[in-house]
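Taking it in order: structure first as structure tokens, then the write-up.
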Amino acid sequence: MIPAPLVLQDVGRSFGEGDQKVEAVRGVSLSVAAGELVLVMGPSGSGKTTLLSMAGSLLPHTSGLVTVVGQRIDQLTSDGLADIRLRTIGFVFQAFRLIDALSVEENVELPLNLAGNRRPKSRERARALLEMFGLGPRRALHPHALSGGEQQRVAIARALANDPAVLLADEPTGNLGARAGAEVIRLLHDSAHQRGRAVMVVSHDARLRGYADRVITMEDGVIRD
Amino acid sequence: MVLLLLFLGAMYQGLRSESNGYVRERPVSAWVAQDNTNNFLRSSSYLRTWHRDSIAALPGVARVTPMLRLVTTAETPMGAGTLFLIGYPPGAAAAEPHLVAGRQVADSGEIVLDRAFARKYRLVIGDTLRIQRHEYRVTGLSSGTNAVMVQFAFISLADAVALVGFRSIVSFLLVEGIPGVPADSLVARVRRLGGRVNAFTQDQFVANNQAELQAGLLPVVAAVDVFTALVGAMVLALLLYSAVSERREDYAVLKALGARNSTLRSSVLKQALLATAMGSAAGLCTYLALAPLAPRFVPQIALALSPMVVGQALGFALAMALVGAILPIVRLERVYPAEVFRA
């Protein structure tokens, strides 16, 4: 049996100390298999984003284990964490987080260049992704010139640039209208089912339920079902 | 900042070259001064005139030229200025300054002025100025005779003696040896005479003057250079710090995407180096454009830009970039990748 690319075992995260201590996530165990789309839902403040941050090695966990493609992330140095984010994990954010000083194409090239690819190769890959997402003609524009839906598609292209095994999305449809949101949902779904990635999506968007292989609900930092 | 560093360096080099130029260009074997005097620029020296005869009688000595030096105030139509006045026997090539215009002093009542002094007080050949109620007509303009704080002027020895009021005193004796006689042996012979005099070879005397200049000026110039570099580093640090702060979200995104801290550090360092390189190029171009104009506004300034001065300025600029990048890099280290989730 192929091990799941993303495994969280009894993971917790607390902030502050003593009386001020707040446990944002407690004892969460979860694994996302290759080709699976897991949707994490729950009210604001339930710990969804904290969980996603720990799964993506953006925030260190204070208890439990997080394993990404077989690698325990608590055993990695700062550079090791950066490398695992660069080569193994793709991120999609609610606010897109594209770099406005760069063109659409340069935004998609960014992870490829960080991974040490030569410019012609990274440009070719970026163009191919943008073409695939219907953004070829928009590649020279800067993000602010695009609609929200287009920006999120660019963000997904950037997340997929280094062909990661794990794709993490935080409220990917939160800033989008119905049509653009549906397009993004389709891309995430394809990414899991056609490309075999482990996709974990944190969202309030009930439309995503129909595309998810599993839906997990969080409340007060723990999984309720 | 680089412009200021270049200007300071060029001024220092110019000062070194100009203020020691007269001493350096003397076609003599040795200088004789009062005991305990080892330089021309920052010393007093009084010798009795009979020393000249004693030294002239030494074997190997071809000629001895007396020189009387005094610091005095000259009154010009444009105001009073201080002069380093040098009296020597007209026609004595050993003491004559290098001229850029006119002719040497040939008689009493004539004066050769440093060109910077003449420019500062708008004097030209043929004009007159007064020193202690005596009038002197300008016959020539000299170079290599500008010590920035004060400029040299040349009159006849008889006029200088009259100004001082003592007939049997001179300041220095310039000794020319017979061809083939080593300067060292001439110096040794003069020293053996005793009589509270000291002698130096021309090379040694030039070096003494150079050392005297460096001792007086180098620490000041070095201190100004260091402060300039520190101010530059602080300005650069603030600029880059602001840039990092403004782009905090972008840096958080880069970290989230997998950029290593070392990659981001080197990016900030590159920005610091690029800003410094552009500033250096702009400073150098501005210097090259403005330097020829400087003497028009401040005639006594002597600028001499050398590869060493440029190298030193660039060295300070590099130090500015490296020091200036520290604070922004510290700021950058405190950007966390999880900040990408902030609304």
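The values are calculated or read from the model by the stated rules, or taken from the named source; none is laboratory data. Because the structure is a prediction, the values reported are computed rather than measured. When we count neighbours, we look across all protein chains shown, and the Cβ atoms used for this are built from the backbone with ideal geometry, even at glycine.
Comparison of B:LEU174, B:LEU186 shows that the only residue that is among the aliphatic types (A, V, I, L, M) and part of a strand (DSSP E or B) is B:LEU174.
Do you know which residues across region B:301-343 are more than 14 Å from chain A (Cβ to nearest Cβ) and basic (Lys, Arg)?
If we filter region B:301-343 for residues that are more than 14 Å from chain A (Cβ to nearest Cβ), which is where we start, we get B:301-331.
Of everything in region B:301-343, just one residue is more than 14 Å from chain A (Cβ to nearest Cβ) and basic (Lys, Arg), namely B:ARG331.
Here B:GLN271 clears all of (1) closer than 30 Å to B:GLY9 by Cα; (2) in contact with a strand residue (DSSP E or B) (Cβ under 8 Å, 6 or more places away or on another chain); (3) within 14 Å of another protein chain (Cβ to nearest Cβ) except the condition numbered (2). Here region B:239-253 is the region considered, the condition is being free of Cβ contacts under 8 Å to residues at least 24 places away in the same chain and exposed (fewer than 15 other Cβ atoms within 10 Å of the Cβ), and the residue that is farthest from the other protein chains (Cβ to nearest Cβ) is B:SER242.
Can you go through A:GLY90, A:GLY80 and tell me which one is assigned to a helix (DSSP H, G or I) and not polar (S, T, N, Q)? Talk me through it step by step, then tell me what you get.
Numbers: A:GLY90 fails: assigned to a helix (DSSP H, G or I).
Only one candidate passes the filter, namely A:GLY80.
For region A:14-38, which residues satisfy the criterion of being surrounded by 24 or more Cβ atoms within 10 Å (Cβ to Cβ) and more than 14 Å from chain B (Cβ to nearest Cβ)?
Applying the first criterion (surrounded by 24 or more Cβ atoms within 10 Å (Cβ to Cβ)) to region A:14-38 yields A:25, A:28, A:32, A:37.
Selection gives A:VAL28, A:VAL32, A:LEU37.
Of the residues A:LEU176, A:LEU208, A:LEU141, which is surrounded by 21 or more Cβ atoms within 10 Å (Cβ to Cβ), away from every other protein chain (no Cβ under 14 Å), of a type outside the set (D, E, K, R) and part of a loop (DSSP other than H, G, I, E, B)? Result of the check over A:LEU176, A:LEU208, A:LEU141: A:LEU176. In the set A:GLU109, A:GLU131, only one residue is modelled with pLDDT of 90 or more and away from every other protein chain (no Cβ under 14 Å); that residue is A:GLU131. Of everything listed in (1) touching an Asp or Glu at 6+ places or on another chain (Cβ under 8 Å); (2) modelled with pLDDT of 90 or more, the single unmet condition for A:HIS204 is (2).
Across region B:19-69, the number of residues qualifying as buried (at least 23 other Cβ atoms within 10 Å of the Cβ), touching a Gly at 6+ places or on another chain (Cβ under 6 Å) and closer than 17 Å to B:PHE84 by Cα comes to 2. Tell me yes or no: at least one residue of region A:157-172 is surrounded by fewer than 16 Cβ atoms within 10 Å (Cβ to Cβ) and basic (Lys, Arg). No, region A:157-172 contains no residue that is surrounded by fewer than 16 Cβ atoms within 10 Å (Cβ to Cβ) and basic (Lys, Arg). All but one of (1) surrounded by fewer than 17 Cβ atoms within 10 Å (Cβ to Cβ); (2) away from chain A (no Cβ under 14 Å); (3) within 18 Å of B:ARG331 (Cβ to Cβ) hold for B:SER266; state the number of the condition that does not hold. Here B:SER266 meets the rest and fails (2).
Scanning region A:56-67 for residues that are within 12 Å of chain B (Cβ to nearest Cβ) and outside any loop (DSSP other than H, G, I, E, B) turns up nothing. Inspect all residues belonging to region A:82-104 and state whether any of them is among the hydrophobic types (A, V, I, L, M, F, W, C), surrounded by 19 or more Cβ atoms within 10 Å (Cβ to Cβ), on the phi < 0 side of the Ramachandran plot and more than 11 Å from every other protein chain (Cβ to nearest Cβ). Yes, the conditions are met somewhere in region A:82-104. Does B:LEU113 count as part of a loop (DSSP other than H, G, I, E, B) and at pLDDT 90 or above? For B:LEU113, the condition - part of a loop (DSSP other than H, G, I, E, B) and at pLDDT 90 or above - is not met.
For region B:306-325, a residue qualifies if it is surrounded by fewer than 16 Cβ atoms within 10 Å (Cβ to Cβ) and part of a helix (DSSP H, G or I), and the qualifying residues are B:PRO307, B:MET308, B:GLY311, B:GLY315, B:LEU322.
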